[in-house]
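The values are calculated or read from the model by the stated rules, or taken from the named source; none is laboratory data. Bear in mind the structure is a predicted one, so any value in this text is a computation, not a measurement. Because the Cβ atoms are built from the backbone with ideal geometry, glycine has one as well, and the counts that use them run over all protein chains shown.
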Amino acid sequence: MTVPVSPVRVLLCDDDPLVRSGLRLILAAAPDIDVVAEAGSGEEAVELSLAHYPDVVLMDLRMPGIGGIEATRRLRALARPPRVLVLTTFDVDEVPVRALVAGADGFLLKTASEQIAGAIRAVASGAGAFSPETSRRLTAHIRAGGAPRQAEARRLVAELSPREREVVRLVGDGRSNPEIARALFIGEATVKTHLAAAQVKLGVTGRTQVAVLAERAGLLPP
């Protein structure tokens with residue numbers, strides 16, 4: 001008998017009710033995605049996450065109050081942190097980097113409406129989700145020295161256990177948690193445990209920061 005897969009639980013966070021309504025309409029066509037709550041501010045997103053335990057929060061950045069970046073930081077600090085997919089019209093070079101430093105798992109522009117459902121699925125599975133333009137900007141940031149330098153990255157990676165290092169390497173290779181579990185013949189929960197421990201030792205939050213550090217430390221093939 002096939003075990004039914006639970007839908008991805010999503011919380012929408014945007015101060016514009018029309019935007020939230022539009023997102024609901026887009027996601028209504030995806031039977032595997034369930035919008036469980038809507039927030040009009042970053043503060044409300046944190047409160048509703050504690051009540052509804054979403055898998056993914058679709059986060060705007062420009063909002064009254066604490067704003068999307070600080071809200072992302074607070075969400076990632078929860079005991080059961082949701083994944084955060086930033087969805088915004090705020091398109092300047094430093095914004096994707098600031099959002100990722102806060103702990104976001106992906107970054108899309110609101111104009112990329114056809115990509116939203118797929119990005120939610122990717123983020124919920126443990127992968128990242130970035131538009132081509134965002135990826136270009138992140139690459140430029142890394143090349144400009146926005147990530148730990150090679151010597152520092154190697155020193156940090158040396159503090160990891162062999163298994164944690166393998167998990168970090170595979171995250172850097174773009175693998176999702178289920179893919180890492182299959183590659184290492186371990187459970188997905190064990191992957192999450194190793195990744196969480198590695199993030200603490202490396203002093204980073206979010207898969208993208210882990211991947212950047214893995215590249216700087218020379219864990220990835222040239």
(request) Could you list all residues from the range 77-103 that are at pLDDT 85 or above and under 12 Å from the mean Cα position of the chain (by Cα)? (result) P81, P82, R83, V84, L85, V86
(request) Kindly indicate whether R20 is within 14 Å of V84 (Cβ to Cβ), of a type in the set (K, R) and surrounded by 15 or more Cβ atoms within 10 Å (Cβ to Cβ). (result) no
(request) State yes or no: is A196 of a type in the set (A, V, I, L, M), without any contact (Cβ under 8 Å) to a residue 24 or more places away in the chain and part of a helix (DSSP H, G or I)? (result) yes
(request) Give the residue that is modelled with the lowest pLDDT, with candidates limited to residues of the range 130-178 that are among the basic types (K, R) and crowded, with 16+ Cβ neighbours inside 10 Å. (result) R137
(message) Just to be sure I understand the filter: pairs with C-beta atoms under 7 Å, separated by 6 or more residues or on different chains, first member in the range 22-38 and farther than 20 Å from Y53 by Cα and in contact (Cβ under 8 Å) with a residue 60 or more places away in the chain, second member of a type in the set (V, I, T) and not in a strand (DSSP E or B). Which pairs pass?
(response) I26/I116
(request) Scan the range 1-23 residue by residue and report those that are over 25 Å from G126 (Cβ atoms) and not in a loop (DSSP other than H, G, I, E, B). (result) P17, L18, V19, R20, S21, G22
(message) Give me the residue from the range 31-76 that is part of a strand (DSSP E or B) and within 15 Å of the chain's Cα centre (by Cα) and, out of that set, surrounded by the fewest Cβ atoms within 10 Å (Cβ to Cβ).
(response) V56
